[in-house]
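Note sheet for the following structure.
The values are calculated or read from the model by the stated rules, or taken from the named source; none is laboratory data. Computed from a prediction, not measured in an experiment: that's the story for all the values here. Note: ideal-geometry Cβ built from the backbone for every residue, glycine included; neighbour counts use all protein chains shown.
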Amino acid sequence: MLAEKYPEEVKKIFAKYPPENLRSAVMPLLYLAQRGEGFVTKAALEDIAQMLDITSTEVAEIVGFYTLYHDEKAGKYRMQVCTDLPCALRGADKFLEELCGNLGIKVGETTPDGMITVEEVMCLAGCDKAPMFQIQSPDGIAYHENMTVDKTMELVATLRKSGKEVK
Ligand code: FES
């Protein structure tokens, strides 16, 4: 239960919203729920729904809509490559295909060492700097723009070696 695991944080989040708009706390609560495991468990999803007096379907819709929320476990680093149209015009599809080939996985899969999950996402607001991706990790989020497969594999090697995000 979120309120038992993070009592202070939950209290602070609740204090930001008037009781009649408490449902707006859903996003910070999801962020909190995701902190430990890197994804929102079904139990956490139901817990949040109960806390805010909304349905678990409503909470699940938010998780499904935003690329920063996840309902499944992944590798330590989520590499989210934008393949939306402007990026596709700058070679994002080819970049993604070659990157996955180098990593020996398909889009959506995780490398056998559990370090890298590659995901395909929509616009990340770096359209003129494709190929680009963001990495979500326990260290936060970092953008990597104007990337090549070689540069990305160097980054992957660094992540595997140091276990830390490079910004
Ligand atoms: S279309 Fe890829 S960042 Fe905007």
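Overview of values
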{"read-out": "Number of positions in the stretch 90-105 that are without any contact (Cβ under 8 Å) to a residue 12 or more places away in the chain and not small (Gly, Ala, Ser)", "value": "3"}
{"read-out": "Meets criteria (at pLDDT 95 or above, of a type in the set (Gly, Ala, Ser), under 22 Å from the mean Cα position of the chain (by Cα) and not assigned by TED's automatic domain parsing to the domain that holds Ile135) for Ala15", "value": "no"}
{"read-out": "Residues (within 13 Å of Tyr77 (Cα to Cα) and within 13 Å of the chain's Cα centre (by Cα)) located in the stretch 108-129", "value": "Gly108, Ile116, Thr117, Val118, Glu119"}
{"read-out": "Among the candidates Ile62, Ile13, Ile48, Ile54, residue that is without any contact (Cβ under 8 Å) to a residue 24 or more places away in the chain and among the hydrophobic types (A, V, I, L, M, F, W, C)", "value": "Ile13"}
{"read-out": "Among the residues listed as Glu4, Glu72, Glu8, Glu61, the single one being under 20 Å from Glu120 (Cα atoms) and more than 13 Å from the chain's Cα centre (by Cα)", "value": "Glu61"}
{"read-out": "Complete set of residues in the stretch 124-141 that are within 16 Å of Gly91 (Cβ to Cβ) and either outside any loop (DSSP other than H, G, I, E, B) or near the ligand (Cβ under 8 Å from one of its atoms) (or both)", "value": "Leu124, Gly126, Cys127, Asp128, Lys129, Ala130, Met132, Phe133"}
{"read-out": "Residue within the stretch 102-117 that is in contact with a Lys or Arg (Cβ under 9 Å, 6 or more places away or on another chain) and surrounded by fewer than 13 Cβ atoms within 10 Å (Cβ to Cβ) present", "value": "yes"}
{"read-out": "Subset of the stretch 78-87 (residues that are in contact (Cβ under 8 Å) with a residue 40 or more places away in the chain and either more than 21 Å from Thr110 (Cβ to Cβ) or within 11 Å of the ligand (Cβ to nearest atom) (or both))", "value": "Gln80, Val81, Cys82, Asp84, Pro86, Cys87"}
{"read-out": "Residue within the stretch 101-122 that is among the small types (Gly, Ala, Ser), assigned to a strand (DSSP E or B), more than 16 Å from the ligand (Cβ to nearest atom) and not assigned by TED's automatic domain parsing to the domain that holds Ser24 present", "value": "no"}
{"read-out": "Selection count where residues are on the phi > 0 side of the Ramachandran plot and either at pLDDT 95 or above or within 17 Å of the chain's Cα centre (by Cα) (or both), scope the stretch 130-164", "value": "2"}
